[in-house]
Amino acid sequence: MGFVIALLVLSALVFFHELGHFAAARFLGVHVEVFSIGFGKKLYSKMIGKTQWSISAIPLGGYVRMKGQDDTDPTKISYDADSYSSKQPWQRIIILLAGPFANFLLAFFLYFAIANLGVPKLLAYVGEVSKDSPAYQAGLQKNDRIISIDKKEIKYWESIAQQINESTTEVSLEIERDHTTISLQLTPKLIEDQNIFGETITRRIIGISPSGKQAVVDFGLIDGVAYAWEETQKAGLLIIQSIQKLLTGVVGADKVGGVITIVDVTAQASYAGLVSLLFFTALISVNLGVLNLLPIPALDGGHIIFNLYEWIRKKAPSENIMYRMTVAGWGILIGLMVLGLYNDINRLWGN
């Protein structure tokens with residue numbers, strides 16, 4: 001069942017991405033010949049208006065084929081009034097941006113739904129206090145509730161590390177113990193640690209762990225919008241940082257995951273519950289949007305670069321250059337897919 005849910009999630013994300021392209025193309029008067037979910041042999045097709053809507057055999061992507069635009073052969077150009085090629089570069093850029101934008105918008109609505117379904121949050125109750133730590137020496141005890149740090153209110157456990165790391169020297173804590181408020185002063189300890197990319201960093205700690213007490217927070221309408229906007233930005237920044245770390249060698253190529261990993265993790269998220277599934281779906285949606293904006297020919301980002309060139313230079317790149325760069329782009333994409341598949345198989349073999 002998890003496998004089926006994972007395929008449905010991926011198909012839905014591709015559908016919304018291509019729907020963005022489709023909507024922008026039709027708005028700007030471009031004829032869309034084919035709207036396909038999946039690649040390869042068509043399993044089901046139906047003409048709706050002048051567009052052939054299809055479900056194809058390989059559910060690992062999809063495409064919108066517009067009149068005068070063909071990724072497999074960029075020399076196939078039509079200059080009819082309803083052709084993609086006949087539009088101004090800025091209009092084509094809008095069409096190209098609409099796909100990633102649809103993914104970002106979908107992620108925003110998924111995060112908004114999560115905000116109103118209820119987000120599990122760890123409460124700021126102390127569980128264990130490490131012996132001889134700054135917290136232990138200051139007198140912090142198990143089951144104390146941290147009310148504020150340096151006069152900044154603490155509602156949830158996730159805020160504690162942030163406030164501690166923002167401090168430079170001594171910090172002041174207000175805690176609640178047995179219905180009594182107590183003020184404590186302590187100096188955090190500086191340690192070396194690793195971030196999610198495996199880089200060595202320094203951070204400040206006081207030596208406590210959470211008790212595990214949780215609350216499900218319903219953000220409501222206004223706060224839910226703010227939460228969704230913040231989470232969408234955080235997801236986008238995380239993916240951009242991941243790409244940067246991969247390109248600079250901080251993250252090894254063996255960490256690149258393929259479609260098997262995506263399907264597997266999505267299936268696991270579905271078993272963990274609706275909120276977990278929505279969280280991961282939103283993250284993949286943002287990932288799909290960001291990756292499609294990379295300046296690689298054959299991706300939306302590559303086409304945007306071509307159109308920016310034409311817009312600025314007042315002339316299109318030569319067909320020969322576009323063809324060669326598109327072929328090179330497909331080579332890069334196929335290489336990344338093979339690398340991801342190789343890593344997936346290695347992980348499965350190792351497990």
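What follows draws every value from the coordinates through simple rules; no lab data is involved. From a predicted model like this one, the values you see are computed outputs, not experimental measurements. Methodologically, a virtual Cβ is constructed for each residue, glycine included, from the backbone with ideal geometry; neighbour enumeration extends over all protein chains shown.
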Amide H neighbours of Leu294 under 5 Å, counting only residues 5+ apart in sequence or on other chains, H built in-plane at 1.01 Å? Gly301
For the residues Leu7, Leu221, Leu293, what sequence is obtained by ranking on other C-beta atoms within 10 Å, fewest first? Leu221, Leu7, Leu293
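Dividing the convex hull volume of the Cα atoms of the chain by its residue count, what figure in Å³ per residue is obtained? Kindly include the intermediate steps, with their values, before the conclusion.
On the way: hull volume 65.2 nm³, N = 351.
Here the figure is 186 Å³ per residue.
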Cα atoms only: what Rg and Dmax, in Å, come out for region 216-263? 15.6, 42
Filter the trypsin sites (Lys or Arg not before Pro) in region 2-86 to those in DSSP coil with at most 13 other Cβ atoms within 10 Å of their Cβ, and list the result. Lys50, Lys76
Which trypsin sites (Lys or Arg not before Pro) does region 100-154 hold that lie in a coil by DSSP with at most 15 other beta carbons within 10 Å? Lys131, Lys142, Lys151
Run the Debye formula on the Cα coordinates of region 1-122, all scatterers equal and no solvent, and tell me log10 I(q)/I(0) at q = 0.13, 0.14, 0.15, 0.18 1/Å. -0.60, -0.67, -0.75, -0.99
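Out of the trypsin sites (Lys or Arg not before Pro) in region 284-323, which ones are loop residues according to DSSP with at most 16 other C-beta atoms within 10 Å? Let's see the in-between values first.
On the way: sites: Arg313, Lys314, Lys315; in loops: Lys314, Lys315.
Answer by residue number: Lys314, Lys315.
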Rounded to the nearest 500, the 222 nm mean residue ellipticity computed for the chain from DSSP H runs (n ≥ 4, each -39500 (n - 2.57)) alone is -17000 deg cm²/dmol
For region 118-149 and region 7-32, what is the separation of their Cα centres, given in Å? 49
Under 5 Å, built H, 5+ apart or other chain: amide partners of Gly127: Asn143, Ser209, Ser211
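Would you mind getting the Kirkwood hydrodynamic radius of region 115-166 from its Cα pairs, rounded to one decimal in Å? Don't skip to the end; give the middle numbers.
On the way: mean 1/r = 0.0820 Å⁻¹.
About 12.2 Å for region 115-166.
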For region 105-249 (alpha-carbon point model, no solvent) the Debye-based log₁₀ I(q)/I(0) at q = 0.12, 0.14, 0.18 Å⁻¹ works out to -0.64, -0.84, -1.12
How far is helix 2-27 tilted off the main Cα axis of the chain, in degrees rounded to 10, range 0 to 90? 60
Phi-based couplings in Hz for region 187-192 (Karplus 6.51, -1.76, 1.60; Gly and Pro marked x): 10, x, 9, 8, 10, 9
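Using 0.36 nm times the number of residues separating Ala253 and Asn165, minus their current alpha carbon distance, what extension gain do you get?
Working: separation 88, 0.36 × 88 = 31.68 nm, distance 3.12 nm.
Length gained between Ala253 and Asn165: 28.6 nm.
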If contacts are Cα pairs under 8 angstrom and at least 6 residues apart, what is the relative contact order of the chain in percent? 19
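Based on other C-beta atoms within 10 Å, arrange Met66, Met337, Met325 from fewest to most. All intermediate terms of the calculation are to be shown ahead of the outcome.
Working: Met66 26, Met337 14, Met325 18.
Lowest count first: Met337, Met325, Met66.
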